[in-house]
Amino acid sequence: MTPVVLDATHDPARKSWLLAANAPATDFPLQNLPLGVFRTGTTAPRVGVAIGDRVLDLRAAVEVGALAVRPLLAEACCAARLNELMRLGAGPRSELRRAVHSLLADGSRLASDLAAKERVLHAADEVELLLPAEIGDYTDFYASVDHATNVGSMFRPDQPLLPNYKWMPIGYHGRASSVVASGQCVRRPMGQSKPASAASPSFGPSRQLDYELEVGAWVAEGNPLGEPVPIADAERHLFGVSLLNDWSARDIQAWEYQPLGPFLAKNFLTTVSPWVVTMEALAPFRGPRPTRGADDPAPLAYLDDPGDQAAGAVALTLEVRLASAQMRERGIAPVRVSRSDFGRMYWTLAQLLAHHASNGCNLRPGDLLGSGTVSGKGKDERGCLLELTWRGKEPLSLPTGERRSFLEDGDEVVMTGWCERPGAARIGLGECRGTVAPAADR
């Protein structure tokens, strides 16, 4: 694993000439600099960097001469998606981070160039944020042992975890074409379901729509078909992370998942937050992966590496908030329903990627890996309604007196995430939100 390196871009004492970037609660201080794709009006999509309450237009910064980087990197900054930056790898990405940091830090010439600032900066609330990359493939994992244990307990009380769980990361191939950026509505899916009391299945709108709180990891450099990625090299193939909501229709899933796993219950929509927090920005928040239980097997050699043992975990706090249509009508803010710690995942991001490529599967720049639902041991750490309401038996109570076992039409789910640690500047992932719309007319 590439050593975690801290440099001047992580210095918590450094400030930006953009005052909003220095606010203690901002997700996007000078030490973060996440990358994404945006557009204004009818302009073509372009790559940007979030800084405070502004978006830095990298194409414009190159064109006005404010961002001085090598031609190959400048060309990638002028692309319409992050894929070109992703394929360049960690070295050019770090070079870009340092250049943008210098451009936005106190003392930069850009601070006093009013014409250039007008051209390269946009108010964040005036741009449309898009999917950050063209996603060739999307794979979703099941990396939280607490989530796997909770769900297994509902269906297999005598054996919550299947025998393979602690030996390898479990995953399934999702649908890349239905991954959307935060803010797009969630159309309630149609599908087959069969309640235990019914003699035969029926087709109709899902009655058990759920969210899943996850982290999405974006692939940087790919690997040739037939060539595995050693775990010691896996981090080099990771670009950064976003929030991810793996919307799930639990009643459809319960009927269809055997013997081949999820299909229509999950491929109707996946939402990601639009800003990608790079692996470099996460460096101050890395730490040892969680200690395994005394009876747990050690990872097989292809999933084990001293660097990953020492710094494979990411101290990332995740929250889910929920608001019903009635709450919004009455001006009631979304209420927090769970908070969990990504640093406690059983399998690390490097292990997910190394396992995925261990058979020679060729990953490509822009591919997306979902962590699986991030849950903890406490009830308030459960990352989906299936767990939180224990399969609907323990409904949530909302401030309006409404109760929820699963999502109703008009419900809005808002996911947030942030890293904070003494001696480091707090950084955030922004928001991943979606509102449930009624099923389409048949």
What single numbered condition from (1) within 23 Å of residue 284 (Cα to Cα); (2) touching a strand residue (DSSP E or B) at 6+ places or on another chain (Cβ under 9 Å); (3) surrounded by fewer than 21 Cβ atoms within 10 Å (Cβ to Cβ) fails to hold for residue 7? (2)
Out of all the residues in region 86-103, is one or more modelled with pLDDT of 95 or more, under 26 Å from residue 247 (Cα atoms) and not β-branched (Val, Ile, Thr)? no
List, please: which pairs have Cβ atoms under 6 Å, are six or more places apart or on different chains, and start with a residue in region 146-157 that is part of a helix (DSSP H, G or I) and end with one that is of a type in the set (Lys, Arg)? 146/377; 154/391
Those strands (runs of 3 or more DSSP E) lying entirely in region 340-442 with at least 3 residues more than 22 Å from residue 172 (Cα to Cα), modelled with pLDDT of 95 or more and not small (Gly, Ala, Ser): 412-419, 427-437
Could you tell me how many of the residues in region 265-286 are touching a strand residue (DSSP E or B) at 6+ places or on another chain (Cβ under 6 Å), within 21 Å of residue 413 (Cα to Cα), in a loop (DSSP other than H, G, I, E, B) and of a type in the set (A, V, I, L, M, F, W, C)? 3
Please determine whether any residue of region 85-93 is of a type in the set (Gly, Ala, Ser), farther than 22 Å from residue 236 by Cα and touching a residue at least 40 places away in the same chain (Cβ under 8 Å). no
Being more than 25 Å from residue 156 (Cα to Cα), under 21 Å from the mean Cα position of the chain (by Cα), modelled with pLDDT of 95 or more and outside any loop (DSSP other than H, G, I, E, B), is that true of even one residue in region 244-252? yes
Suppose we keep only residues that are among the hydroxyl-bearing types (Ser, Thr, Tyr) and out of contact with any His (no Cβ under 8 Å at 6 or more places or on another chain) within region 128-169. Which one would you say is farthest from residue 270 (Cα to Cα)? 153
Can you tell which of 372, 360 is closer than 27 Å to residue 229 by Cα and touching a helix residue (DSSP H, G or I) at 6+ places or on another chain (Cβ under 7 Å)? 372
Kindly provide the set of residues from region 140-174 that are polar (S, T, N, Q), surrounded by fewer than 21 Cβ atoms within 10 Å (Cβ to Cβ) and within 20 Å of residue 298 (Cβ to Cβ), ordered by number. 149, 164
Would you pick out the residues in region 100-134 that are closer than 23 Å to residue 237 by Cβ and either free of Cβ contacts under 8 Å to residues at least 60 places away in the same chain or of a type outside the set (A, V, I, L, M) (or both)? 132, 134
With respect to the numbered conditions (1) more than 30 Å from residue 420 (Cβ to Cβ); (2) in contact with a Cys (Cβ under 9 Å, 6 or more places away or on another chain), which one is the sole condition not fulfilled by residue 72? (2)
Residues of region 264-279 satisfying the condition of being surrounded by 22 or more Cβ atoms within 10 Å (Cβ to Cβ) and in contact with a helix residue (DSSP H, G or I) (Cβ under 8 Å, 6 or more places away or on another chain): 265, 266, 270, 278, 279
Within region 306-336, how many residues turn out to be in contact (Cβ under 8 Å) with a residue 40 or more places away in the chain, among the charged types (D, E, K, R) and outside any helix (DSSP H, G or I)? 3
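Look through 112, 153, 108, 94 and report the one residue that is on the phi < 0 side of the Ramachandran plot and under 22 Å from the mean Cα position of the chain (by Cα).
On inspection, the qualifying residue turns out to be 94.
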Kindly list, by first and then second residue, each pair from a residue in region 387-411 that is aromatic (Phe, Trp, Tyr) to a residue that is in a loop (DSSP other than H, G, I, E, B), limited to pairs with Cβ atoms under 7 Å and residues at least 6 apart or on different chains. 406/208; 406/392
Scope region 209-228; condition outside any strand (DSSP E or B), buried (at least 24 other Cβ atoms within 10 Å of the Cβ) and acidic (Asp, Glu); matching residues: 212
Residues (closer than 27 Å to residue 316 by Cβ and either out of contact with any Lys or Arg (no Cβ under 9 Å at 6 or more places or on another chain) or charged (D, E, K, R) (or both)) located in region 395-404: 404
Among the residues of region 129-184, count how many are touching an Asp or Glu at 6+ places or on another chain (Cβ under 8 Å), of a type in the set (S, T, N, Q) and within 23 Å of residue 350 (Cβ to Cβ). 1
Somewhere in region 287-295, is a residue touching a Gly at 6+ places or on another chain (Cβ under 9 Å), at pLDDT 95 or above and assigned to a strand (DSSP E or B)? yes
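The values are calculated or read from the model by the stated rules, or taken from the named source; none is laboratory data. Bear in mind that the values here come from a model prediction, so they are computed numbers and not experimental data. Please note: Cβ atoms are built from the backbone with ideal geometry, for glycine as well, and neighbour counts cover all protein chains shown.
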